[in-house]
Every structure is written in structure tokens, then in C-alpha cells.
Amino acid sequence: MKQFSSASILLLLCRWLVPAQAQISSLATLHDFAGGSKLAQPAISREVVTDKPFSVVGPRGALLGQQNGIYEAWIFPWKIISGMRITAEMQDYPVTIDVNQHAAWVDVTPDHTTITYSHANFTVKQIMTAPKETPDYAGVLVCYKIQAVRPITLTFSFEPVMQRMWPAESGDHPSPEWVRTAGGSGFYILHDAFPDHYAALAMPRAEPGILPPYQERAAAWPLQFVLHYDPRKDADKLFPLLVTFAGHTQGVFKEEVAKGLSALDSVAESIYRKNESYYQAFLAQYTSIDTPDPELNAEFSWAETAIDQLRVRTQEDRNREALTAGFVASGDSARPGFGWFFGRDALWSLYAVNSYGDFETTRQEIAFLLQHQRADGKIMHEWSQTAGMVDWKSLPYEYAAADSTPLLLMAVDDYLKISGDAAFVRANWDALARAWQFETSHVSVGGIYNNQQGSGWVESWVPSMPHQEIYLAALDEQASLAFADLAQTSGHSDLAQSAKQRAVKIGDVIEKEYFLAATGFYAFSHNDDGSTDDTPTIFPSVAWWDGSFKLGHTDPMFTRWASSEFSTDWGTRILSDRVSFYDPISYHQGTVWPLYTGWASLAEYRAGYVLSGYAHLMQNANLTWAQDPGSVTELLSGQFYQALGRSTAHQLWSSAMVISPVLRGMFGLEWNAASHTLTITPHLPADWKTATIHHLPFGESDVDLTFTRRGRDLIVQASGTSAEKMHLQSRAVGARIEGATLNIPLPAAEVAIAAHLPAFGQETRQMKVLNQQSTSNGITLTLAAPALSRQTLVLRQNIANMKVHAEGAQIGAAIDGLQSITVDFPVGEGYVTKTVKFSW
């Protein structure tokens, strides 16, 4: 059986605290391990919601649980223990306390999560970390800080699991053995049914709990550590709980285990320091935003760190990390959410990774995907962390999806445009050409890539699976242009020209075969017999994804996407709620995915529906605080604001869909490092005066961009090492370039809308901006809101003392150039529409 290098979890009592003074804050101060220096990090600090999840994930392990503090511990790819609970017995207090029922507060920063248990007699802090840069034997780090009024005995109870991640075979149940050491303490060894693997757990100074004698009937007893704490003697002492996992060694392996546990204890402080330093450097190195919205600034940084936390070491090459799709506690299963490697999930997310400048993550991910490329060129869909332990190719998962192949070409071209790394493209040219060959040789309607090579998007559909989705068709067009760029860069101009011609042909075929003139929408799919599935879906929005393509007809499709037919107050449904088979809790027939919301937002920004684009962007961003703190969840109900119970709470592409709409939509950025050109077509909220992007990647360096309103102009100034060689340009009409400064004309007036999530359990009731039209002397908005409701907007005047007239709304007094606008909606059923006009 395959041997694994040692890995481990270190759970350690430590002395630092995270102040918990605000419900949600964008900045927290963390004392280092010794209580010395202070570092500023984005933070979430609030009361626990006991049934909401948390995740602490790193390259070698994870702690996954609920905010009541109960968790499971993984050393990839093994689940070692689950159901960690704490009880307390106090001196002269005849009641046993369930400590987890006293979970009171949660503090989250990128490098750790703390759950505080609060009782009148004691406080226990459970501080959890997944180290990024540590030896193989350190998978995660959990620290406990204990304070008590009187002596207290804490019992840590947990279930030994020793189960491999799905789908690898595992033994029935581990056999625990207590090994006593000098001084009266000891450690547990968990013997697996497979004799070449074990885990060991120790808590120095703790006693074992239940040790049933062999004469007893078989029963599921928890393992326990019993810790006696006396505040007069132990206030400043550490009580480390150490866990290791490895293959058996020859000879006296118990002595080797004891040495390994001791080694873990000795490096605890350095493990913590390195993790803290890693995130300090990460946040300083990569892109950040500084806007008038401090929560959005923090949400942007959280999205970056949430993505980075999902980099996991591969089992085949322990020096390589790849992106996993997401994590949530596994319960009694061996599937911690989607905690293995997915092709399309990573490729959609690389657009975010590229745009904040983590090029090494992109290169490692592409190398991993190309390592698993099929001989005929197809790109993988799924690779479990235990795929190498089973006959993975006999299972239907590895190449189950068709879209990974075009997405690979698109993501690599996006990397090229931002980084300028032509050498990487040339080095991987043969694999890229094989992917192109596969894509272009598996076609049907109009010569477009089809679903016969795996699912395009949906994995189930009514009445039957589609033959060729518009989703795949739109990706095929964009992948054709991407390959043309890659081919030109690699010196294959003939292939580049043919790929460009193919892109044009695909665009023509989509308009001819998919556009439905009767409804103004695009069909969901097309069949070989010429029929179409006319279900209105969100999938046409992907046509605007990389900025190289767009569909020819926008209205009324964008209007319907913005309306309550598609848009809830927390994101975008996969399809119209008027479809006969709409089901708000169905994975593919009605739920809200932040992924779809991100697609829609970017499409809206690029097509000129910027107010709805902003609403969708902020829905995704605000989900950062909603479930697993600091992460964006996988999917939510299409009817009520609540995540599905099985939603993967720390989802890769959900966090990515905060970053891409911010940088590529709101700030309107398009890179071309090869031509030293950065195109900026921003759509900043009307109530923002200034904004700054720090460390925006461009080629081999980065640049800062500052946006400042000045009368009728938005001034964009570039600074930094790349600014001197950079050519700025804009798609905005009338934009003027003066060296490293871009002057973009602003309209005489602009409108802003508020953005916030509803209370959990609510249905959709917020105002929707269905359409917006601007001229030189006016703005026309088509709005929808519940009948008889009163809604508000903000109007900015970019010309001093301009007299604005409103039709269908009331204008309030001006304060610093901003005026409150009140809109009263008429009588009716459900949502009603109203047109509001501003003229000057």
C-alpha cells in the first residue's frame, strides 16, 4: 500500500487574544505568539450563530465544524477525528457544563479563527489555524486559552475516525491504544485496519478519559483527554494537544511516535509565526482596493484569502499545490464539501487569481491540469485527493465535464494578457494545441463544441439533457479568440488566423440558431434536429465574460435578468421562476449561485446596465459575512434568503465572483501586457468621490490606480514601476490620455442605489433597476419594486447649481452634491414597474 509522508495536526494552548469589540469590523489587531508586535488584518468579529459553519483550511489539513465549536480534523487525505466537544466540571459546583453550549463569540482573520466559550466561572478560547508554510507534519494548529475563577476540569471528547477522503477504501473503525509515558501522561495511537497507517494524539499533563476494559461489550466510546486546570498554578501554562499521522516505522515505533509529538511541541511557536507572516506578506503583496465602502474593501481582501486557503498539496507531488473547490464539514461521510480538485471550478476562479496577481498559483494550477490532460487533449473535471488510491479512470468523474477544455485556453490567455509571460505559453504549447484540437474536433450544430463530450453546465435537466448549450457555444467562441492569441504568441500565425475566423463563424451561428426573436431571449440549448430548448436561463451572460465577445441582442434579456423573475435580493437564479419545472431548492432548476450572480454582474457592467451590475456585485460581496465568516457559500434558496444545508460554505468560485466583477466590471479593467496597454472603463458608484487600486498586476510588476472625481471628469492616475511603460486607454467616449493620467468625461448627473442583504428567511422585496438610459440632458430609469412600497435613490450632480427636474420621483435637498430621491410605487400585485425620468 502506498506510503505517505508524515503529516500532523497541532492543537496548542496559547496566550494571544483577538479583541471582540465589534459585530463586524474590517480591521483587527492581533498580538503575536509572544505578545509583542501587532499586525493589522481584515477581521470579522461577532456573536456566534451556532448552526452556521466555519472552516480553517490549509495545504495539509483542515478543521471543519459549526460555530458552536464542534469540529472534525483532517490531515489530507485522512479524516482523523470528528465531534470534538468540551465539558467542564468546576470545584464546588455540582453541575457538569456542556462548554459548546456556551459558544458566544467568533473572531476570524485570514490566518486564524477563534471561538470563545463564555460561562460565569470560565472563559475558553479555541483558536484555530491551518499553517501555510510548515513541515509536512504540521497540518493545522488549534490553540486553547483558559481562564477560570476556581479550579476546573475540562474533558475533551472526540470520535476516532481514521477515514480516507472519498472514494478511497477505509477500515471499519480504528483501534485506539493508550501508551503511558514517563511522568504519568501519555498519548493515544489510532491503529487503522490497514497496518501501515496510524495517528497519534497527545495532551501533555492530561489524563486519558474512558478506557473500557476488554471484558465489556463492544460499544462506541469516545476518546477523551481530561485536563485539570487550577487558576492559581496554571494561569500562564500551555496545554498542547498534539496529533500526528504517518505510516508505521520498523522496530520500536512507539518511541518514534513520542519523539514526533515532542518535536511538534517544540516548533509550535515557529509554526504560528510563519503562518502569521505568510498572511501579512500575502495581503501586502497582492491587489487591494481602497474605496469609500470599508466593508467592500474588506470583502475584496477576504475573497483573495479565501481563494488562497483552498490551495492544497497534491498527493502525487507533495511540492505542488492545486486549487480545491471548497470545504464544509463532512458529518458522518468522507466528503468534506468539494474538498478535492476540480478543473472548471479552478479555471473560472483563475480570472480572479490572475487579476490580483498571484501568478505562481495560476502556473501551478495550469501545470496540475495539464499533468492530468487526457491523451486526446481533453482537460480533467475532477480529481479526488484519493484518486491515486483507487481505479479513478474506471469511475465517471475525471472527464465528466466538457467545459474545462475551452476554459483552460481562456484562462491561460487571460494569464498571458496580465502577466505578459509568453515563455509559459510557449513551454506549454503542445498541450494547449491538443486541447484546441479536442475542442474543434467534437462539434455539431454550426461547427460548435457540444455536450456529447460531457456535461456543458447542467448535470440534470427537464425534460432531458441538452445536446449543445449556449453556455458551451459562448465559451467556444471566446476560447477560439483566446487560442488565436496564444497561437500568435507562440509563432503559429496560420492557426491564429483560422481560430479568429472560427470565432466569427460561431458568433454568427449563435445569433442565427439561438436568438429567439419572439421573446428577445437566447435559447438554453440547440439540438441536431434544429429544435431549441427555449427555457430562459442566466447562461447567455457568459458571452460577456472575457470581454472579447458579446451577444447582439440585450433587451429584454438584461431587463428580465435584473427583475425579480431572475434576481432575488441575495443573487441570481439559474433560470426564470416562471418556468414550469422551477424549484427554488433544486441544484440545477432554481437555486441561487454566487457564480451566476458574478456572471450576470460582469455582463451587466460591460453591456451598460451598471446599476443592476452593482446590485449583483454587492450581493456576492456581502455574502462574505453571511455563513462561513470570510468565505462565500456555494448556493442558496431561490425563494428565501438562506443557504442550502448541504451548500459548501467555503466555495472557491463564489469568492472569485467578488473579485472579477469588482476589477473587471466596476473598475472596467482590461489588460494587454504584450502591448503595454491597460484599458480602463470604470463605472464607479455615483456616491463615491475617490477610489484607489493598490498593487494591480501588470506584466512583471504592478501599478497603483487612483480614481478622483473633478467636476465633469473622472481622473485616473497611474503610479508605480509599471506606470512609465504603460499606455492607458478607455472605451469611454471622449476619454483623453495625458501620459499616466486618463481623463474620462462624466455625465451631468448620475444615480446610485443602496446595497444590502435582507434578513435570513425573507423573500425578495428590494427594488430592481431593470433598465437605464442616459442622454446629454437626462436619465431614464425603469424600476420595479413591491406595490405601494417607497424606495430611495441618490442623485449626484456633476455640474454645480444645475437645476434637475424629476418625473415619477421626489428630489430632496442637496448635500455635498448628492440628493436623496424618493420613489413611490403604485398599487398592484407583487412587483410593479415605474419609469423615473430626470432632466436638466
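For the stretch 553-560, the condition of being part of a loop (DSSP other than H, G, I, E, B), more than 25 Å from the chain's Cα centre (by Cα), of a type outside the set (D, E) and more than 27 Å from P758 (Cβ to Cβ) holds for at least one residue. Every condition in (1) open to solvent by less than 10 Å² (accessible area, probe 1.4 Å); (2) assigned to a strand (DSSP E or B); (3) on the phi > 0 side of the Ramachandran plot is met by L696 except one, and the failing one is (3). Of the strands (runs of 3 or more DSSP E) contained entirely in the stretch 168-224, those carrying at least 2 residues that are touching a strand residue (DSSP E or B) at 6+ places or on another chain (Cβ under 8 Å) and open to solvent by 50 Å² or more (accessible area, probe 1.4 Å) fall at 175-180. Kindly indicate the residue of the stretch 39-53 that is assigned to a strand (DSSP E or B), out of contact with any Asp or Glu (no Cβ under 6 Å at 6 or more places or on another chain) and touching a residue at least 40 places away in the same chain (Cβ under 8 Å) and also farthest from I115 (Cα to Cα) among those meeting that condition. Selected residue: L39. Looking only at residues in the stretch 107-131 that are under 19 Å from A88 (Cα atoms) and among the aliphatic types (A, V, I, L, M), the one that is surrounded by the fewest Cβ atoms within 10 Å (Cβ to Cβ) is A120.
Would you check which residues across the stretch 507-550 are in a loop (DSSP other than H, G, I, E, B), of a type outside the set (V, I, T) and buried (at least 21 other Cβ atoms within 10 Å of the Cβ) and list them? Steps first, answer last, please.
Of all residues in the stretch 507-550, those in a loop (DSSP other than H, G, I, E, B) come to 517-520, 523-524, 527-531, 534-536, 538, 545-550.
With of a type outside the set (V, I, T) added as a condition, the list becomes 517-518, 520, 523-524, 527-531, 534, 536, 545-550.
Within the stretch 507-550, A523, F524, P536, W545, D546 qualify.
Being among the aliphatic types (A, V, I, L, M), touching a strand residue (DSSP E or B) at 6+ places or on another chain (Cβ under 6 Å) and either within 25 Å of I80 (Cα to Cα) or at pLDDT 90 or above (or both) holds for only one residue in V140, V95, and it is V140. Can you tell me how many residues in the stretch 423-444 are part of a helix (DSSP H, G or I) and either surrounded by fewer than 16 Cβ atoms within 10 Å (Cβ to Cβ) or hydrophobic (A, V, I, L, M, F, W, C) (or both)? Result for the stretch 423-444: 14.
Here the condition is being farther than 25 Å from A621 by Cα and surrounded by 17 or more Cβ atoms within 10 Å (Cβ to Cβ); of A785, A809, it holds for A809 alone.
What is the residue count in the stretch 582-603 for residues that are β-branched (V, I, T) and under 17 Å from R560 (Cβ atoms)? Give the derivation first.
Filtering the stretch 582-603 for residues β-branched (V, I, T) gives 585, 591-592, 597.
Within this subset, residues satisfying the condition of being under 17 Å from R560 (Cβ atoms) are 592, 597.
The total comes to 2.
Take the conditions (1) assigned to a loop (DSSP other than H, G, I, E, B); (2) out of contact with any strand residue (DSSP E or B) (no Cβ under 8 Å at 6 or more places or on another chain); P292 misses just one of them, which is (2).
If you check G456, G447, which single one turns out to be at positive phi, open to solvent by less than 40 Å² (accessible area, probe 1.4 Å) and of a type outside the set (F, W, Y)?
Working: G456 fails: at positive phi.
Checking each option against the conditions leaves just G447.
Among the conditions (1) open to solvent by less than 10 Å² (accessible area, probe 1.4 Å); (2) acidic (D, E); (3) more than 23 Å from G326 (Cβ to Cβ), the only one that D308 does not satisfy is (3). Within the stretch 380-434, the residues that satisfy the criterion of being out of contact with any Ser or Thr (no Cβ under 7 Å at 6 or more places or on another chain), among the charged types (D, E, K, R) and more than 16 Å from A325 (Cβ to Cβ) are D391, K393, D413, D414, K417, D421, D430, R434.
Pairs are defined by a Cβ separation below 7 Å, a sequence spacing of at least 6 or placement on different chains, a first member in the stretch 437-459 that is under 13 Å from L475 (Cβ atoms), and a second member that is β-branched (V, I, T); the pairs so defined are E439/T405; I448/I506; I448/V509; Y449/V443; N450/V443.
Within the stretch 472-506, count every residue that is of a type in the set (V, I, T) and exposed (fewer than 15 other Cβ atoms within 10 Å of the Cβ). Can you show your working first?
We begin by selecting, within the stretch 472-506, every residue of a type in the set (V, I, T); these are 489, 504, 506.
Restricting the remaining residues to those that are exposed (fewer than 15 other Cβ atoms within 10 Å of the Cβ) gives 504.
Matching residues across the stretch 472-506 total 1.
Considering only residues that are within 22 Å of G456 (Cβ to Cβ) and crowded, with 21+ Cβ neighbours inside 10 Å, which ones fall in the stretch 378-395? Once the filter is applied, which keeps residues that are within 22 Å of G456 (Cβ to Cβ) and crowded, with 21+ Cβ neighbours inside 10 Å, the stretch 378-395 yields K378, I379, M380, H381, E382, W383.
Quick one: which of A202, A235 is of a type in the set (G, A, S), closer than 29 Å to Y144 by Cβ and under 39 Å from the mean Cα position of the chain (by Cα)?
Numbers: A235 fails: under 39 Å from the mean Cα position of the chain (by Cα).
A202 is the lone residue from the list that is of a type in the set (G, A, S), closer than 29 Å to Y144 by Cβ and under 39 Å from the mean Cα position of the chain (by Cα).
Scan the stretch 398-422 residue by residue and report those that are more than 19 Å from S349 (Cβ to Cβ) and surrounded by fewer than 19 Cβ atoms within 10 Å (Cβ to Cβ). Within the stretch 398-422, A422 is the sole residue that qualifies. For first residues located in the stretch 209-221 and closer than 16 Å to P174 by Cβ, partners that are of a type in the set (A, V, I, L, M, F, W, C) and at pLDDT below 80 and lie 6+ apart or on another chain with Cβ distances below 8 Å form the pairs P212/A219.
Annotation: A615 fulfils all but one of (1) assigned to a loop (DSSP other than H, G, I, E, B); (2) open to solvent by 20 Å² or more (accessible area, probe 1.4 Å); (3) among the small types (G, A, S); the unmet one is (1).
Considering the stretch 561-595, the residues that are in a loop (DSSP other than H, G, I, E, B) and of a type in the set (D, E, K, R) include one that is surrounded by the most Cβ atoms within 10 Å (Cβ to Cβ), namely D569.
The values are calculated or read from the model by the stated rules, or taken from the named source; none is laboratory data. If you're wondering where the values come from, they're calculated on a predicted model, not measured in any experiment. Don't worry about glycine lacking a Cβ; one is built from the backbone with ideal geometry, like all the others, and counts go over all protein chains shown. What goes into the accessible areas is simple: the full protein's heavy atoms, side chains included, and nothing from ligands, DNA or RNA. Shrake-Rupley method; radii C 1.70, N 1.55, O 1.52, S 1.80 Å.
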